[in-house]
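What follows is a single structure, written as structure tokens, with notes after it.
The values are calculated or read from the model by the stated rules, or taken from the named source; none is laboratory data. This one's a predicted model, so the numbers in the text were calculated from it and none came from an experiment. Every residue, glycine among them, receives a Cβ derived from its backbone with ideal geometry; neighbour counts consider all protein chains shown.
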Amino acid sequence: DTGVSQNPRHKITKRGQNVTFRCDPISEHNRLYWYRQTLGQGPEFLTYFQNEAQLEKSRLLSDRFSAERPKGSFSTLEIQRTEQGDSAMYLCASSYPSGTQYFGPGTRLTVL
Amino acid sequence: GENVEQHPSTLSVQEGDSAVIKCTYSDSASNYFPWYKQELGKGPQLIIDIRSNVGEKKDQRIAVTLNKTAKHFSLHITETQPEDSAVYFCAAISDSNYQLIWGAGTKLIIKP
């Protein structure tokens, strides 16, 4: 399977803990995007990378969120000091520049 | 900024009938319009897309039409089947942008 993969698929954590998610994009794609989605809503843009450079970060994104793509391949999204409001599905997508975005299966985060 | 409106929010059709979902965009620079299908607990899956140099595109039971003058685009599903039940999102983007602008989603229910 050469699609976008995300790990873990589910994460349950206690408030105040740190969590890290991983995304492996389609190998030829140089753009990688992170989105957050809550139930009944469309995906909300968080940040995107072109190769290893993080080119944009949503103003809605708290300083507790950080993303990296150190070698221009896989990416990690870390949430520090999680809050209950962080509970959501975290989606990763990849594309060529100006290309179709293909999504992974998502990581569902539950903060207790 | 760009805005995409999607209607209806919920659509219930009898199995075998057709379903139509409509979207309107505001930015005349938008030139790429994908449609995604999302099943519960999964990431959005691209089902069809259209670029602004084309008025219509069809793939088996699914078709998309685009009216650039009116800034409307629509998803048509014919001969609906139970597996078509899902939430459908339209989106728009321009070459100069990186961020998909999403509609609010349509929950499609196929009644047996």
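When A:Ser66 is tested against (1) among the hydroxyl-bearing types (Ser, Thr, Tyr); (2) away from chain B (no Cβ under 14 Å); (3) touching a Lys or Arg at 6+ places or on another chain (Cβ under 9 Å), only condition (3) is not met. Scanning segment A:36-48 turns up no residue that is more than 25 Å from B:Gly105 (Cα to Cα), exposed (fewer than 14 other Cβ atoms within 10 Å of the Cβ) and out of contact with any strand residue (DSSP E or B) (no Cβ under 8 Å at 6 or more places or on another chain). Listed by position, the strands (runs of 3 or more DSSP E) inside segment A:20-112 whose residues that are over 27 Å from B:Leu40 (Cβ atoms) and without any contact (Cβ under 8 Å) to a residue 12 or more places away in the chain number at least 2 are A:53-57.
Counting only residues that are polar (S, T, N, Q), more than 7 Å from every other protein chain (Cβ to nearest Cβ) and over 9 Å from A:Tyr33 (Cβ atoms), segment A:89-109 holds 1 of them.
For segment B:7-24, the set of residues classified as more than 19 Å from B:Asp49 (Cα to Cα), assigned to a strand (DSSP E or B) and either in contact with a helix residue (DSSP H, G or I) (Cβ under 8 Å, 6 or more places away or on another chain) or of a type in the set (Gly, Ala, Ser) (or both) consists of B:Ser12 only. Checked against (1) modelled with pLDDT under 95; (2) under 24 Å from B:Ile48 (Cα atoms), A:Pro25 meets all criteria but (1).
Taking strands (runs of 3 or more DSSP E) that do not extend beyond segment B:25-112, which have at least 1 residues that are within 15 Å of the chain's Cα centre (by Cα) and more than 14 Å from chain A (Cβ to nearest Cβ)?
Numbers: elements: B:32-38, B:45-51, B:56-59, B:62-67, B:72-77, B:86-92, B:106-111.
By residue number, B:56-59, B:62-67, B:72-77, B:106-111.
For first residues located in segment B:27-43 and in contact (Cβ under 8 Å) with a residue 12 or more places away in the chain and closer than 23 Å to B:Asp84 by Cα, partners that are among the charged types (D, E, K, R) and assigned to a strand (DSSP E or B) and lie 6+ apart or on another chain with Cβ distances below 9 Å form the pairs B:Phe33/B:Asp49; B:Phe33/B:Arg51; B:Pro34/B:Asp49; B:Trp35/B:Asp49.
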